[in-house]
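Note sheet for the following structure.
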Amino acid sequence: MIRSKLPNVGTTIFTTMSQLAVQTGALNLSQGFPDFNGPQALLDAVGRHVAAGHNQYSPMTGLPALRQQVAAKVERLYGARVDADQEVTITPGATEAIFCAIQAVVHAGDEVIVFDPCYDSYEPSVELAGGRCVHVQLSDGTFRIDWQKFSDALTPRTRMVILNSPHNPSGALITREDLDQLAALIADRDIYLVSDEVYEHLVYDGVRHASVLAHEQLYSRAFVVSSFGKTYHVTGWKTGYVIASPALSAELRKVHQYVNFCGVTPLQWALADFMAEHPEHIDELPAFYQAKRDVFCGLLEGSRFNFTRTTGTYFQLVDYSQIRPDLNDVDMSLWLTREHGVATIPVSVFYQQPIPEQRLVRLCFAKREETLRQAAERLCAI
């Protein structure tokens, strides 16, 4: 019999709900991907580079032109200067970047603090490194970090903290004051950070993203991860990057070279071209997704769901306690998919210990307006 290294891991809820949406013909507002294409100039660039013969391995650390564009973006947006050669690594997706960062510094017996609800890839990566996740629950309703709870969770075995802002699934944002508090609490400890910032450009209502890249104290001990897929509407390209100090990047690359070695070469060329030629894409992205949020939420105001408009990501949480309080959120998601043709994600799957009375599901609004209108019509009819 196989002795599993991940005995508690099965098929993810994201795969399950997307498959169910296909089987039932439901509108898929569950898994976080757009139902529209990326910019045409970006798509055209891929074909151009494939035809030009850019189809062999790229450097292990990523195409120099793309790393340079990332460094230029970081300086423009966050005022931080990072070395494209020593501090920027292109990876086949942000999940691989997070995995490699954890494997690089977490040893057997180490503890890693995560904030619940948290993304499901963190804990398996920690377990495969021989570590153990310590779950600190975010404040109910606001999904803010309770710094007293965090302080209480620190032990001599704490080796890493995983941050996620804008936060999946809630859309909550970490502030500069939060980062200052974190820096003070771990200042004298040998603790590293993974800052999952894949939704960094999806922040709304005039608020600016507070990046660890702009926090000198924290950056010196951090792996900062982002995603081209989220930013350019091409999640299936599975291309991301991680920025870290030269010493931490060197350790991450030791792992990365034996996991994937490098990303897909023509995609990196295309992204480098598009970033150089269309820097306005990033600047326009918050308004682009805020408009979708506002259309969708405006339509949902006629429903029996309760919600507060999300401040980041392309996810909207809705409370269904006035509709089916008798159902837990997993059963509610199945009911909505099968009976009403809208696939959602239950929030409890992001918790180690779900909150029994919580009645929340997550909806993805990275969809065409037609899709959002059809979904809202179905949800308002309940």
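What is the packing order of peptides 99-109, 16-26, taking the mean over residues of other C-beta atoms within 10 Å and listing the highest first?
Result, highest mean first: 99-109, 16-26.
List the lysines whose Cα lies under 30 Å from the Cα of residue 292, skipping any in the same chain that are fewer than 8 positions away.
73, 230, 238, 367
Less than 14 Å Cβ to Cβ from residue 61, Lys/Arg counted +1 and Asp/Glu -1: what total charge do the surrounding residues give?
Residues near residue 61 contribute -2 overall.
Show me the ranking of peptides 64-72, 196-204 by mean Cβ neighbours inside 10 Å, starting with the highest.
Averaged packing, sorted descending, gives the order 196-204, 64-72.
Give me the percent of Cα-Cα pairs in the range 280-331 that sit more than 17 Å apart, rounded to a whole number.
The share of Cα pairs beyond 17 Å in the range 280-331 comes to 47 percent.
Magnitude of the Cβ-charge dipole of the chain, K/R +1 and D/E -1, about the Cα centre, nearest 20 debye?
620 debye
When a/c reaches 1.5 or more, the comparison of a/b and b/c decides; with that in mind, is the chain rounded, prolate or oblate per its Cα gyration tensor? Intermediate values should be presented prior to the final figure.
Numbers: a/c = 1.55, a/b = 1.18, b/c = 1.32.
Cα axes put the chain in the oblate bin.
Rg to Rh ratio, the range 183-249, alpha-carbon atoms and Kirkwood radius?
Checking Rg against Rh, the ratio lands at 1.03.
Quick note: the coordinates plus some simple rules give every number you see, no bench work behind them. For clarity, every value in this text was computed on a predicted model and none was experimentally measured. Every residue, glycine as well, gets a Cβ built from its backbone with ideal geometry; the counts of neighbours run over all protein chains shown.
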